[in-house]
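Notes to accompany the following structure.
The values are calculated or read from the model by the stated rules, or taken from the named source; none is laboratory data. Model, not experiment: these values are computed from the prediction. Backbone-built Cβ (ideal geometry, glycine too); neighbour counts: all protein chains shown. Side chains included, ligands, DNA and RNA excluded: accessible areas come from the protein's heavy atoms. Shrake-Rupley method; radii C 1.70, N 1.55, O 1.52, S 1.80 Å.
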Amino acid sequence: MTKVSIVVPIYNVERYLRQCLDSIANQTLKDIEVICVNDGSKDSSLDIIMEYVNKDSRFKVIDKENSGYGASMNRGFDMAQGEYIGIVESDDYAEPHMFEKLYSCAKENDLDACKSGFFYYYSVPQEKNIPSPIASHVMCKRVFCPTEDFKSLREQIEFFNIKPTIWSAIYKKDFIRENKIRFTETPGASFQDTAFNFKVWALAKRVKLLEECFLHYRQDNENSSINSSAKVFCVCDEYAEIERFLAEHPMEKGKLDAVKNALKYNTYIWNYERLSEEKSREFLLHASEEFKKDMLEGMCIKEAYPWYKWNNLNFIIEAPEEYHKMRWREKRGEVYVPEYEKKGNIFKRGIKCVKENGIIYTIKRFFLKLGRRLRRK
C-alpha cells in the first residue's frame, strides 16, 4: 500500500505551482501518490500539472469544473489510496523530509493524526522563513486524545485553538473514512479548514505533535482567501457545520460545546479585526446575535475565557454598536466611552432589555455587567 497520499488543491496558481510540485516530487519518502485537483483553473495550471503526470507515475490529476476548495479536498480524499493522507496547498512548498518524518512518527505510534509546525514564508521584498512551532517540547513528547487527556477546560481549548493548519499534518485514511470526516462544500467559501480540523480533534483517539517545522506557508499571495475581505461570513458557515457535527455526536457535544464557543469567539474577533469598518460592523451585528443565542442556551461558560475576553463577549452581546464605535475609535487613536457606561442610561437600557429579552435574561446580564465593572476597578 502507498504510504502517503498527498492532495494538492489547485486553482489559478501558475506562478507558484512548480515550486510546490517540485517540493513534493523530491520528498525523501518515495512511496507516495500525489493527487492534483484542478478546480477549473483558467491559467496554465492544468498544463503544468500534466508535465508532472507525464513524467512521474506517482502524480495523478482530477480535472473538474470550479466548485470550490471543500469539494476539491473531498474529491482528493476520496481518491486517496495511501495509508495516510497529507495536504500541500499549491502556493506553498514542503521540506524534502516532511512526509518521511510525519509518516514515521504516525506509523511508529499508530496515530490517527500527526501534526508539525510550519514556516511563515515571504518571497518579497526578500525571501524569508519565520518558524512557527505549534507546541512545547514537553507536549510533543506524548501521544494523547484531544477530548480525554487534558486536565482542564482551558488546556483543552488551548489545544483546539492551535492554528488549523491542516496542511502541516497527515491523517490516517481509515480514521477519516470510518468517521466520515468531510470538508464543507459551500461554493466559493473560505476557511474550510476550520470545521475539518475541529472534527479531527473531536474524534481522534491518538494524536502526536512534532516540534519541527516542515511546510512553508506563503504569506504574499494576494489571491489567497485569507487576504479576502469579500468573504465576510464564510467563518459563520464553518461554525454552523461544527454545530451540525456536534448535534450528530452527542457524546462529543456535551464535552465540546464550551470549547467550540471559545474558539468561535476567537475566530469571529479575528475576522472582525481584518475587515473594513463598514464590513466589520455588519459582521459584528451578526456575531452579536449568534453569541446571544449561545449564551441563552448555556453554551458559553465563563471558565472557558480569560476575563477580558469574557468581558468583551458580554459587551458585544449587550451593545454591539457601542463596541464597534469604541474599537474603531481606538484604532484611530481616539478615546471613547461607550454610551451604556454613561450616567443616566442604565435604567433606560434595563427597561429596554426586559421588553426585548425578558426579566431572567436582564437580571443575568446585570450581574455579568456588574462583575465586569468591579474587575475594572
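Residue count for region 294-308 under the criterion of being within 11 Å of N261 (Cβ to Cβ) and assigned to a helix (DSSP H, G or I): the result is 3. When A287 is tested against (1) out of contact with any Phe, Trp or Tyr (no Cβ under 6 Å at 6 or more places or on another chain); (2) more than 22 Å from F367 (Cβ to Cβ); (3) surrounded by 14 or more Cβ atoms within 10 Å (Cβ to Cβ), exactly one condition is not met: (1).
One line per residue, one yes/no per condition, for (1) open to solvent by 10 Å² or more (accessible area, probe 1.4 Å); (2) in contact (Cβ under 8 Å) with a residue 12 or more places away in the chain; (3) of a type in the set (A, V, I, L, M); (4) in contact with an Asp or Glu (Cβ under 8 Å, 6 or more places away or on another chain):
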{"residue": "D91", "(1), (2), (3), (4)": "yes, yes, no, no"}
{"residue": "F99", "(1), (2), (3), (4)": "no, yes, no, no"}
{"residue": "G117", "(1), (2), (3), (4)": "no, yes, no, yes"}
{"residue": "S132", "(1), (2), (3), (4)": "yes, yes, no, no"}
{"residue": "F150", "(1), (2), (3), (4)": "yes, no, no, no"}
{"residue": "I157", "(1), (2), (3), (4)": "yes, yes, yes, no"}
{"residue": "T165", "(1), (2), (3), (4)": "no, yes, no, yes"}
{"residue": "I170", "(1), (2), (3), (4)": "no, yes, yes, no"}
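For residues that are under 23 Å from the mean Cα position of the chain (by Cα) and assigned to a loop (DSSP other than H, G, I, E, B), scanning just region 98-133, find the one that is modelled with the lowest pLDDT. The qualifying residue modelled with the lowest pLDDT is P133. Pairs under 7 Å by beta carbon, first residue hydroxyl-bearing (S, T, Y) in region 226-251, partner assigned to a helix (DSSP H, G or I) and at pLDDT 80 or above, six or more apart or different chains? So the pair list comes out as S229/R274; S229/K279; Y239/K264. Restricted to region 1-89, the set of strands (runs of 3 or more DSSP E) holding at least 3 residues that are open to solvent by 50 Å² or more (accessible area, probe 1.4 Å), touching a strand residue (DSSP E or B) at 6+ places or on another chain (Cβ under 6 Å) and among the small types (G, A, S) is empty.
I'd like the full set of residues that are touching a residue at least 40 places away in the same chain (Cβ under 8 Å) and either among the aromatic types (F, W, Y) or not in a loop (DSSP other than H, G, I, E, B) (or both), limited to region 179-195.
Of the residues in region 179-195, the ones touching a residue at least 40 places away in the same chain (Cβ under 8 Å) are 182-192, 194-195.
F183, F191, T194, A195 - these are the residues of region 179-195 that are touching a residue at least 40 places away in the same chain (Cβ under 8 Å) and either among the aromatic types (F, W, Y) or not in a loop (DSSP other than H, G, I, E, B) (or both).
Screening S136 with (1) at pLDDT 95 or above; (2) in a loop (DSSP other than H, G, I, E, B); (3) among the polar types (S, T, N, Q) gives one miss only, at (1).
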